[in-house]
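Let me begin by presenting the structure, written as structure tokens, before commenting on it.
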Amino acid sequence: MTTKQENIITSNRFNRRSFLKTSATIGATATLSAPNILRARNLNEKLNIAMIGSGGRGRRNLAEFKSENIVALCDVNENNLNSAALKYSKARKATDFRKLFDHQKEFDAVVVSTCEHTHAFATLPALQLGKHVYCEKPLTYNIEEARIIRMAARRTKVATQMGTQNHANNNYRRVVELIQSGAIGPVREVHVWHSRAWGWHKSEQVARKAKDRFIVVRTPKGSNPIPVGLDWDLWLGPAPARPFHNDYFPGPKWYRWWDFGNGTMSDLGSHWVDLPFWALKLEAPLTVEARGPKPHHDIAPASMQAIYEYGARGELPPVKLTWYQGLEKPQIWKQNGIPKWANGHLFIGDKGLLLSDYRKHVFLPEEKFADFKGPDPFIPRSPGHHEDWIAACKGGAPTLSDFEYAGLLTEANHLGNVAFRTGKKLEWDTKTMRATNAPNAEQFIRRDYRKGWKLS
């Protein structure tokens, strides 16, 4: 392998043939220790899938799962529902996903593509009924919900997957192999940044300069007419009641409002923190602190950073992970110490640096690694993120972003926002799910739900 091939690896590095060859030897071992998957099916037998959410990501997921039987469609927006039904005319239709479970014998698996604040409410009953579940990221709205879903999935032992598509790409898998094989030595520091600056800004001028798609600097007054076909009350679900306004809907407007989402930290953290979380075998941090503007009571910040301290994991040393979003960047980036990629991960090891993004990676300093030859692949290459879940549903090896892994990642990302909103360096006790030094964090770890909504 040439230096260029090793240093910059693109998504077409491994083909389906190499995937099958690799997974034949590695996947067999993984299956032996994996949870039992209920209702294993012949690979040629189609799954019966209920789609909860058929617009936005739901529309994309419908296309990804078109090889299977789509037997039920659900969306609070009848426009999305009816549009999807044009192609799947035999599928059962519903606007309230809770009523969909009254017909649970009709489907084997559920795909959850709702907004963040209802993920757990659509996912939990599916797990309790023994259905396989694919849920969009982030897995849940808050930490308590993530814990509930993770424990439910552990008990039920069905096939699960969070929608972190990049978890399946070849570059991510290669970076994990390089880090875990010691290519840059023990890693004690990681920086992760994304330049999206969506959320609360000090002024409209700042928002325009940051290229935010929707300028929001304050909570709107009054209301707008509810769009025809939208059940606003159902869309609100467990969130506090508030009148409809165009500033909240449709996506991606809602994701920046604390009542419905958790901004970029939660959303893109699911993709970008995923890589170091996987590569460094992270679980629960010991401490988390955050920096940024004074928190707005209603709107997540456009720019901020969160600093996590993780303890030793077996032979792996303690590590500090710093997340940056919006206008925030690592000092080494600002000082031109590394290529100024708009988004990236920087692993700092005792023997060198590894810089990566979704599709490529490079060792630094490059001359030091000119003759470097990496390890042979040891993580099975994926035929596709959605394909991984379908195979798991039919008795294959568990997905690598199942709810056990995704639940821990989601908890960690939410903790960054909790630290930001409390303004304290949190000392985290994962067993009790408490920030021991910050009683005011409780309101952000869990919340009371609107009347008529329970997570149990």
Self-check item: Some residue of segment 404-416 being closer than 30 Å to Lys294 by Cβ, under 23 Å from the mean Cα position of the chain (by Cα) and acidic (Asp, Glu)
Solution: yes
Quiz item: Considering only segment 217-268, how many residues are of a type in the set (Val, Ile, Thr) and under 24 Å from the mean Cα position of the chain (by Cα)?
Solution: 1
Quiz item: Can you name the residue in segment 325-340 that is out of contact with any His (no Cβ under 7 Å at 6 or more places or on another chain) and in contact (Cβ under 8 Å) with a residue 12 or more places away in the chain and, of all such residues, is surrounded by the fewest Cβ atoms within 10 Å (Cβ to Cβ)?
Solution: Pro339
Quiz item: What are the residues in segment 214-230 that are out of contact with any helix residue (DSSP H, G or I) (no Cβ under 7 Å at 6 or more places or on another chain) and within 14 Å of Tyr248 (Cβ to Cβ), if any?
Solution: Phe214, Arg218, Thr219, Pro220, Lys221, Gly222, Ser223, Asn224, Pro225, Pro227, Leu230
Quiz item: Looking at segment 137-160, is at least one residue under 30 Å from Val362 (Cα atoms), hydrophobic (A, V, I, L, M, F, W, C) and within 21 Å of the chain's Cα centre (by Cα)?
Solution: no
Self-check item: Among residues of segment 322-344, those that are not β-branched (Val, Ile, Thr) and not in a loop (DSSP other than H, G, I, E, B), counted
Solution: 7
Self-check item: Which numbered condition Arg196 fails, given (1) under 30 Å from Glu442 (Cα atoms); (2) assigned by TED's automatic domain parsing to the domain that holds Lys46
Solution: (2)
Practice problem: Would you check which residues across segment 45-64 are assigned to a loop (DSSP other than H, G, I, E, B) and crowded, with 21+ Cβ neighbours inside 10 Å and list them? | Solution: Leu47, Gly53, Ser54
Quiz item: Right, Asp350: among the acidic types (Asp, Glu) and either over 30 Å from Trp254 (Cβ atoms) or in contact with an Asp or Glu (Cβ under 6 Å, 6 or more places away or on another chain) (or both) or not?
Solution: yes
Quiz item: Can you tell me which of Pro220, Pro238 is surrounded by fewer than 21 Cβ atoms within 10 Å (Cβ to Cβ) and in contact with a His (Cβ under 6 Å, 6 or more places away or on another chain)?
Solution: Pro220
Self-check item: Yes/no for His414 being part of a strand (DSSP E or B) and either in contact with a helix residue (DSSP H, G or I) (Cβ under 8 Å, 6 or more places away or on another chain) or under 24 Å from Leu282 (Cα atoms) (or both)
Solution: no
Quiz prompt | segment 401-431: number of residues that are surrounded by fewer than 23 Cβ atoms within 10 Å (Cβ to Cβ) and among the small types (Gly, Ala, Ser) | solution = 1
Quiz item: Which residues, taken from segment 79-100, are closer than 30 Å to Asp448 by Cβ, surrounded by fewer than 24 Cβ atoms within 10 Å (Cβ to Cβ) and touching a Lys or Arg at 6+ places or on another chain (Cβ under 9 Å)?
Solution: Asn80, Leu81
Exercise. Tally the residues that are among the charged types (D, E, K, R) and surrounded by 22 or more Cβ atoms within 10 Å (Cβ to Cβ), restricting the search to segment 264-318.
Key: 2
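Of all residues in segment 139-178, which are over 30 Å from Leu354 (Cα atoms) and among the charged types (D, E, K, R)?
Filtering segment 139-178 down to residues over 30 Å from Leu354 (Cα atoms) leaves 140-160.
Glu144, Glu145, Arg147, Arg150, Arg154, Arg155, Lys157, listed by residue number.
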Quiz item: Exactly one of (1) in contact (Cβ under 8 Å) with a residue 24 or more places away in the chain; (2) surrounded by fewer than 19 Cβ atoms within 10 Å (Cβ to Cβ) is unmet by Arg434. Its number?
Solution: (1)
Quiz prompt | Complete set of residues in segment 65-82 that are touching a residue at least 12 places away in the same chain (Cβ under 8 Å), out of contact with any strand residue (DSSP E or B) (no Cβ under 7 Å at 6 or more places or on another chain) and part of a loop (DSSP other than H, G, I, E, B) | solution = Ser67, Asp75
Exercise. Go through (1) over 23 Å from Val192 (Cα atoms); (2) over 20 Å from the mean Cα position of the chain (by Cα) and name the single condition Thr422 misses.
Key: (1)
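The values are calculated or read from the model by the stated rules, or taken from the named source; none is laboratory data. Note that the coordinates shown come from a computational prediction; the quantities given were computed from them, not determined experimentally. Note that each Cβ is placed from the backbone with ideal geometry, even for glycine, and that neighbours are counted across all protein chains shown.
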